[in-house]
1. Return one whole number: the accessible area per residue of the chain in Å², for a 1.4 Å probe.
2. Could you check the spin-label model distance between Lys67 and Ala22? Points 7 Å from the Cα along Cα→Cβ, value in nm.
3. Could you compute the longest span of the chain free of chymotrypsin sites (Phe, Trp or Tyr not before Pro) located in DSSP loops and having at most 13 other Cβ atoms within 10 Å, not counting the site residues?
4. Charges on Cβ only, +1 for Lys and Arg, -1 for Asp and Glu, centred on the Cα centroid of the chain; of Thr40, Val3, Leu15, which one is farthest towards the dipole's positive end?
5. Toward the positive end of the charge dipole of region 22-70, about the Cα centre and with charges on Cβ (Lys, Arg +1; Asp, Glu -1), which of Gly28, Ala70, Ala60 goes farthest?
6. Within the chain, what is the number of lysine pairs with alpha carbons under 21 Å apart, leaving out pairs fewer than eight places apart on the same chain?
7. How many percent of Cα pairs in region 13-70 exceed 16 Å?
8. With charges only on Cβ, +1 for K and R and -1 for D and E, what is the dipole size of the chain about its Cα centre, in debye, rounded to 20?
Amino acid sequence: MSVSRKIWDEFRSKLCAVCGSAKPPNNGFCRVCYHSLPKTLRSHMWRRFGDGYEEAHEAARQWLLTKKAA
């Protein structure tokens, strides 16, 4: 499975890929995870697929996983 497909599946899912909480489909993360991101990463999450969203999602996901592990 390609990275873009994995990100698309996470985007369409009803569960947050970071914490497993419920989220609306077509949102990158649940409300708690999204609002815990720094403002810069949050703003990048509004990019379109194929125009930087995939990179923004991965950067945000890594930031959240690092924070969660700490």
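The values are calculated or read from the model by the stated rules, or taken from the named source; none is laboratory data. These figures come from a predicted structure and were not determined experimentally. Because the Cβ atoms are built from the backbone with ideal geometry, glycine has one as well, and the counts that use them run over all protein chains shown. Ligands, DNA and RNA are excluded from the accessible area calculation, which covers all protein heavy atoms including side chains. Shrake-Rupley method; radii C 1.70, N 1.55, O 1.52, S 1.80 Å.
1. On the way: 4690 Å² over 70 residues.
Accessible area per residue, the chain: 67 Å².
2. 2.3
3. Values: sites that count: Trp46, Phe49.
After excluding every exposed loop site, the longest remaining stretch is 1-45.
4. Leu15
5. Result: Ala70, furthest along the dipole toward the positive end.
6. Eligible lysine pairs with Cα atoms under 21 Å apart amount to 10.
7. Working: 616 of 1653 pairs.
Value for region 13-70: 37 percent of Cα pairs lie more than 16 Å apart.
8. Values: 13 positive and 6 negative charges, 53 e Å.
The dipole of the chain has a size of about 260 debye.
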